[in-house]
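Input: a single structure, listed below in structure tokens.
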Amino acid sequence: MLASEGLLVKPVGPRPRQKAVVIAHASLQRAAQQLHSLRLQIGGVFASARPGVVLKANADCQQDDSGTQFALRRAAALLAAVVLQLGGVGGGAAHAFNLASVAEDRLLEFVRQVGVRVDSAVEAVKDVAAQGAPSPDAAEGRELIAEVCEVVESSFSDARGAGFDREAWQRVKEKALARPLRDRTAAYGVIRELLAELHDPYSRFVTPSEFASMLKYDVSGVGLNLGTAEEYANKTGQQLPEGRGAGSEAGGEGVWVVGLIKGLAADAAGLQQGDQLLELDGQRLQGQSPFAVASLLQGQDQAEDGQGLGESATLRLKVRRFDGSEREVTLQRPVRALQSPVSSRLEGGPGGDKVGVIRLASFNARAQRDTLAAVQRLQAAGASRLVLDLRDNRGGLVSEGIEVARLFLDDGALVVRTEGKARASAAPIVAQGPAVTTAPLVVLVNDHTASASEIVAGALRDNCRAVLAGKRTYGKGLIQSVYELSDGSGLVLTVGKYVTPSGTDIDREGLLPDFRSAPSAEAVEGALRACRLQRNVAAPALAGRP
């Protein structure tokens with residue numbers, strides 16, 4: 001049986017969550033390292049400045065003092081405050097630290113604000129050293145700032161109610177666009193200052209080199225970001241051709257190319273944003289979801305011992321172009337090495353009962369299919385009950401999390417709801433087809449169960465398919481979109497948040513489990529019966545709920 005960790009087997013009643021007011025030691029160490037690097041950066045700039053240069057007031061940041069000196073003094077004050085905070089935590093709080101979502105967010109936001117002030121100070125010193133001479137790409141830097149502002153204004157969602165003020169944003173934006181720029185690097189600094197006004201630790205700017213590294217995480221294996229007709233319109237902001245929108249007969253044929261990764265197989269083959277995928281190797285894709293098509297494109301995984309390195313397969317894709325014309329393209333699909341996040345075992349229970357335990361460590365591109373295989377294998381071995389272990393699973397690909405939840409839900413059951421400016425018109429995310437099993441299910445969670453894991457846990461409980469056992473989950477339900485900017489840099493922006501089918505706000509609050517430890521079979525059956533009864537009496541079915 002599962003270890004109960006010495007805790008009582010009983011339901012956990014509703015109670016307010018105590019917010020942790022201390023910060024994890026590891027997070028503090030990372031913050032200290034970042035701040036030390038920033039301090040060295042300031043010192044390096046001063047050391048490299050030409051002797052005899054007098055720091056003059058900068059009209060754009062002057063507030064009753066020299067702009068440069070004011071910015072440096074403010075950065076120094078913030079650095080001192082952090083040093084005092086770290087010292088107080090290290091010396092006066094020898095007790096164990098509990099990692100909490102709120103505390104970590106505050107730390108991230110605090111360190112970012114320090115970084116922005118230091119960057120501003122460093123750029124001011126560089127401006128003086130260079131005597132304010134602009135480079136040829138300064139104009140492109142100003143266009144980049146305007147581009148970022150446009151994306152923020154159309155898509156950003158203050159999902160956590162941090163107090164984003166759009167009127168104040170307009171004032172800061174106008175000031176930023178009027179500032180003289182030395183080069184594109186200076187424009188990057190201005191963009192970071194603008195994003196700091198959002199007070200969202202997860203919205204950030206990434207340089208071209210950093211963005212290129214982010215693009216290595218490719219779900220399709222060939223460099224395609226796929227979506228439905230509605231997702232294409234929401235994510236790109238482009239109107240679909242008449243008669244080919246969401247819900248139309250033509251729009252339902254295949255899936256749409258929302259974006260491509262430059263230099264990878266799809267881009268090299270000539271695929272374009274706005275293409276519809278109609279056929280793959282002669283098989284029509286009508287009725288297939290973007291997830292299913294991405295899985296087909298992924299192909300065979302390379303063995304974990306490295307066998308098959310360098311092999312590839314040829315794919316034939318028939319696509320419909322944005323102008324309505326059709327063409328066939330051929331591309332090479334590399335064989336990829338991808339470790340399975342799933343492990344499983346069969347355990348004996350009371351009275352000869354067999355319990356299948358599935359450990360899901362993360363949500364990569366193999367999560368759904370390997371979970372499906374584990375369920376089928378365990379049930380074939382005689383498992384009458386299942387346990388899905390999501391403890392310490394920090395998340396991963398949300399699309400995989402949704403597909404894992406769908407494995408256990410009946411057709412039409414609501415998986416998750418989205419809230420936010422960019423997701424207001426998104427269609428409900430529901431299960432498709434019958435569940436692969438009806439066996440009673442327990443989901444194990446703890447305070448490191450986050451993001452996609454919380455979506456799965458919330459969907460299964462709210463649809464009366466599972467009970468949760470363990471500790472309250474972490475509470476990370478924000479939706480981030482990644483935008484590629486014109487110079488190859490990127491913008492990661494919070495555009496909404498996830499809410500469970502019954503309306504529980506995953507973000508920050510997390511999910512309160514039904515049991516503190518692994519419950520008995522009788523307790524699970526009783527809890528699920530009570531859930532279904534309450535659902536039938538108190539509210540209409542959740543299926544298709546907006």
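Near A413, the amide H atoms lying under 5 Å from its own belong to A431; only residues 5 or more places off or on other chains count, and H is placed 1.01 Å from N. Over segment 310-404, Cα pairs under 8 Å with separation of 6+ residues give a relative contact order of 24 percent.
With a threshold of 28 Å on the Cα-Cα distance, the over-threshold entries among K354/K471; K175/K497; K471/K497 are K175/K497.
Ranking E230, E197 by solvent-accessible area of protein heavy atoms (1.4 Å probe, all protein chains present), from largest to smallest, gives E197, E230. Peptides 315-327, 473-485 ranked from most to least packed give 473-485, 315-327, packing being the mean of other C-beta atoms within 10 angstrom over each peptide's residues. For segment 338-380, the C-alpha radius of gyration sits at 1.26 times the compact-globule guess of 2.2 N^0.38 Å, with N the residue count.
Amide H contacts of G259 (H built 1.01 Å from N, in plane; Pro and chain starts excluded): N225 sit under 5 Å, all sequence-distant by 5 or more or on other chains.
Less than 5 angstrom separates the built amide H of S203 from those of T494, all sequence-distant by 5 or more or on a different chain. Summing charges over all other residues whose Cβ lies under 11 Å from the Cβ of Y483, with Lys and Arg as +1 and Asp and Glu as -1, gives -2.
The values are calculated or read from the model by the stated rules, or taken from the named source; none is laboratory data. None of these values were measured; they are calculated from a predicted model. Positions of Cβ are backbone-derived with ideal geometry, glycine not excepted, and every protein chain shown enters the neighbour counts. All accessible areas refer to the heavy atoms of the entire protein, side chains included, with ligands and DNA or RNA removed. Shrake-Rupley method; radii C 1.70, N 1.55, O 1.52, S 1.80 Å.
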